[in-house]
1. Since A:D208 meets every condition but one in (1) within 18 Å of the chain's Cα centre (by Cα); (2) away from every other protein chain (no Cβ under 14 Å); (3) surrounded by fewer than 24 Cβ atoms within 10 Å (Cβ to Cβ), which condition does it not meet?
2. Which residue pairs have Cβ atoms under 9 Å apart, sit 6 or more places apart or on different chains, and have a first residue in segment A:398-417 that is within 19 Å of A:T158 (Cβ to Cβ) and a second that is among the acidic types (D, E) and open to solvent by less than 10 Å² (accessible area, probe 1.4 Å)?
3. Name the residues in segment A:266-301 that are outside any helix (DSSP H, G or I) and either more than 14 Å from chain B (Cβ to nearest Cβ) or at pLDDT below 95 (or both), would you?
4. So if I check each of B:P264, B:P273, B:P228, which one is of a type outside the set (G, A, S) and more than 23 Å from B:G130 (Cβ to Cβ)?
5. Just checking, how many residues over segment B:211-237 are buried (at least 24 other Cβ atoms within 10 Å of the Cβ) and among the β-branched types (V, I, T)?
6. Please count how many residues of segment A:40-88 are closer than 21 Å to A:L331 by Cα and open to solvent by 60 Å² or more (accessible area, probe 1.4 Å).
7. Please work out which residue is farthest from B:S416 (Cα to Cα), limiting yourself to segment A:22-39 and to residues that are surrounded by 19 or more Cβ atoms within 10 Å (Cβ to Cβ) and within 11 Å of another protein chain (Cβ to nearest Cβ).
8. Starting from residues that are among the hydrophobic types (A, V, I, L, M, F, W, C) and surrounded by 24 or more Cβ atoms within 10 Å (Cβ to Cβ), keep the ones in segment B:302-315 and report whichever is nearest to the other protein chains (Cβ to nearest Cβ).
2 protein chains.
Amino acid sequence: MRRGARTSKREVRKAIRSAESTLNQLVPQVLDNPYPPLCPLTSDQLEEIHNASMTVLESLGMEVTSDRVRAMFQSLGGSVDDATQIVRIDGETIMALIAKAPHHFTLTPRNAANQLVIGGRRINCGLVSGPPNVHDRINGRRPGNFFDYQSLIKLGQTFNVINFFGNQSIAPTDLPANTRHLDTYRENIMLSDKVFSAVPIGKGRIQDAVRMVALSRGITTGELSEDPSLFGNINVNSPRKLDEAMSDAALELAYYGQAVIVTPFTLLGAMTPVTLAAGLVQQNAEALFGLAMIQAFYPGAPVVYGGFTSNVDMRSGAPVFGTPENAKANLAGGQLARRYGLPYRTSACNASNTTDAQAVYETQMSMWSAVLGHGNLLYHAAGWLEGGLVASFEKLIIDVEMLQNLISMLSPIRTSEEELGIDAIEAVAPGGHFFGTEHTMARYETAFYTPLVSDWQNNENWQAAGGKDATERATSLWQQAIETFEAPLIDGARREAIDEYVDRRKTQIGTSEP
Amino acid sequence: MRRGARTSKREVRKAIRSAESTLNQLVPQVLDNPYPPLCPLTSDQLEEIHNASMTVLESLGMEVTSDRVRAMFQSLGGSVDDATQIVRIDGETIMALIAKAPHHFTLTPRNAANQLVIGGRRINCGLVSGPPNVHDRINGRRPGNFFDYQSLIKLGQTFNVINFFGNQSIAPTDLPANTRHLDTYRENIMLSDKVFSAVPIGKGRIQDAVRMVALSRGITTGELSEDPSLFGNINVNSPRKLDEAMSDAALELAYYGQAVIVTPFTLLGAMTPVTLAAGLVQQNAEALFGLAMIQAFYPGAPVVYGGFTSNVDMRSGAPVFGTPENAKANLAGGQLARRYGLPYRTSACNASNTTDAQAVYETQMSMWSAVLGHGNLLYHAAGWLEGGLVASFEKLIIDVEMLQNLISMLSPIRTSEEELGIDAIEAVAPGGHFFGTEHTMARYETAFYTPLVSDWQNNENWQAAGGKDATERATSLWQQAIETFEAPLIDGARREAIDEYVDRRKTQIGTSEP
């Protein structure tokens, strides 16, 4: 409906959408690591760390604030001190429980095409989750809020290299704390059709996630427990303390057949001794304790071994990431997870204050080590900044570019006769060039990875185009992605059922805890 | 000699020098890769590429502009067409020649502590070399010049992770082209005591390097040929053309017992077919041809297999680096070099116009793949920008930080009883922290890598300190390094002999070619 020369907003949006091809993406794909894992620990060292972890659990024990968890360990022969809430348990019992866990499992979101296999050589990348703040170059640094939450989910849905959403991309601090999980679940379901995390604090938030995701798939919660959609990551309160809110959430997830990741939050020099070996011993003891607990209550429940060992800046106590110590821990954590036949969750983090060279080299250190350590879930793989205090829109775009590069590098080298190209070599005389040859023309559009962010103009043209650095260019890319976003279709009845559920639950919860 | 309140320039410099401890460096070390190499090619694929390379040499051949090189190949049974200058040679002959090359060798500069072992698992990192331009944030982009050349050598000498200098960090275009090699050699020797490259264009520049480096060590050129100091990198004029200036330089280096790297300049889609397999076939054929030539004239001469396969931007034809294709080529090149028992030269490059996120993620792609591909010589490991058109002072600093991180990551995890730290874990109650414990206090200064560039202040402090990104911070670091630079001592008589040599040769050469 064209009226005179005026261009309608609808037409502008359509034009932008048709230019979407400039958002250079990899096609959706499942990614299996073709390389053997990089192993910093010798097999003897791996056993030393395993044995020391067992000693920690047997001799020093874990503080467990949940009565039912202490009682369960007591029933298995553990030594329980109810005054100190310390549980000591022998390694043989722990290992027997860990042996019940599956080596791999699947999670299926409302769009089955986005199903995740977790375990083996599969690599799945997750959006940043958890920051209290958000930043972009246009609007600056601000507390996490619901509008930006929605934008981040849109970006995570848009980019094919993002496979899942961790627990809330940012905290939407403008919404009431006791019901905001309902709002974020609804956005996860409406704006996306990928796997997302439940909010693993207490039981109520888990139940809401279970019911809402079942509605989104049009199945019962009973069917959901046979064919899970959700996961949750619980942290151990390191050193050696398992809080009831965490164990409750973990056990509630497992009760409904959903997956649980147990990740000790082990920063060398703060929550563990400064030595990397001790940090790994403690991480391993704490992770295995939490995972064994789940298997004791729900044998065979899908679980993931989580590693999040990095160090602190000893001058300030601030957590840092992407350090050599963090990278080694990412690699060694994979060795430990594989020793127990467990899927492995690791991360790609950094501690920079801005999306600069530091943010990138630190992220690359953690991303490469996460991949080479055979991480199955790469948490915070896009958008993490400031040691996790900020989700950054520009960093998210840069990270997607880095993931696309790394994933492309993992694709095999093809060596068919045509690819080996002796005829193609023959077609060009010594000292000539291959620009216009038939072999080139047939392949030039797809032969190489096409970057999302990289600018390969010569200096003169780059300067003439404004001399924008990669971070500046990232701004227009996330803007474009949000501007052209279209939510994945959802059945109207399911949408309505979810809206009704959220309204009902908000009324039920009122000002109390969910 | 203090006079009143005035602070002398000498005192200021002294104060700056005493603050030098803020230039956080790794101690000098030899670095052996502890990990097995990453291999994108199956062993069958490796043989396919080898066989195809042999077919290229046997059936298509190489254009060789040097009469004596063509004659030599003819004497070995090669088929030589003097009209087209094409040499065809069978694979068996090539392999018999390659088998004469040593698996590893050493290069010794005037300071024997900086000796390089080249081969095996050893990693040596080189400063950027070759750019026609130079850039820093203070003075902008400008043509290469002698003053900046000196500054770059000072930086390469300062940082312990830099092990060698490639062929001229920048072209000093303000000096006469026919004698500038004398000036740059002199600065390499006076401002540094590390291994450097001869300028491998024709014979004269090689002879000058040989004589000057012999003078710097106080040995004869005969002694030097038994105990080499120098290397030179020659490029094949891809596709399949070996120019006389290159073969002359290579053979002159080998005549004097100095090392030669043969590196085909193979950009996929320009100098080779677009397919990576074909690029590797061609790289391999060209490199082996050049290396076999050297072994034919000088059996047992120290040589290095060079790989420099990347791609071009198919829209502009511009060379790009740090792409997935470049990373895979870096890894596969290592497989090829090891198949022949040859040391391996590779690179850490990027194609960004500025020291931004792109420069860093591209460099990380090439740097990680160079290391994981078991490169023995990492060319351009610090300071390369704009696809090699610029040497950047800030990029150099960022690269040193990246190398330091990567090198620290390669150090082993120690697992002594004290490192495993069960007692240290016991010393802190569940939920407590390890900041002030004895175990922490005894180790906190050395437990973690201390960064050169990374800023780990919290956001408020970082903003208060000016909110400088890593590239901005790099400026003051290179300034500080140059301000506090002290040239390594050299014997006065040797210095004089070198100065005399340069003066005499400049007179001899006049306006002619060296």
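1. (1)
2. A:N405/B:E362
3. Taking segment A:266-301 as the starting set, the residues that turn out to be outside any helix (DSSP H, G or I) are A:266-275, A:298-301.
Passing the criteria: A:Y298, A:P299, A:G300, A:A301.
4. Numbers: B:P264 fails: more than 23 Å from B:G130 (Cβ to Cβ); B:P228 fails: more than 23 Å from B:G130 (Cβ to Cβ).
One residue alone meets the criteria, B:P273.
5. Residues in segment B:211-237 being buried (at least 24 other Cβ atoms within 10 Å of the Cβ) and among the β-branched types (V, I, T): 3 in total.
6. 6
7. Taking segment A:22-39 and keeping what is surrounded by 19 or more Cβ atoms within 10 Å (Cβ to Cβ), we get A:26, A:31, A:38-39.
Those still in the list that are within 11 Å of another protein chain (Cβ to nearest Cβ) too: A:26, A:38-39.
On the way: A:L26: 45, A:L38: 22, A:C39: 18 Å.
Top of the filtered list is A:L26.
8. Restricting attention to segment B:302-315, the residues satisfying the condition of being among the hydrophobic types (A, V, I, L, M, F, W, C) are B:303-304, B:308, B:312, B:314.
Restricting the remaining residues to those that are surrounded by 24 or more Cβ atoms within 10 Å (Cβ to Cβ) gives B:303-304, B:308, B:312.
On the way: B:V303: 22, B:V304: 23, B:F308: 16, B:V312: 8 Å.
Applying the filter and picking the extreme gives B:V312.
The values are calculated or read from the model by the stated rules, or taken from the named source; none is laboratory data. Computed from a predicted structure; not experimentally measured. No Cβ is skipped: glycine too gets one built from the backbone with ideal geometry, and neighbour counts run over all protein chains shown. Ligands, DNA and RNA are excluded from the accessible area calculation, which covers all protein heavy atoms including side chains. Shrake-Rupley method; radii C 1.70, N 1.55, O 1.52, S 1.80 Å.
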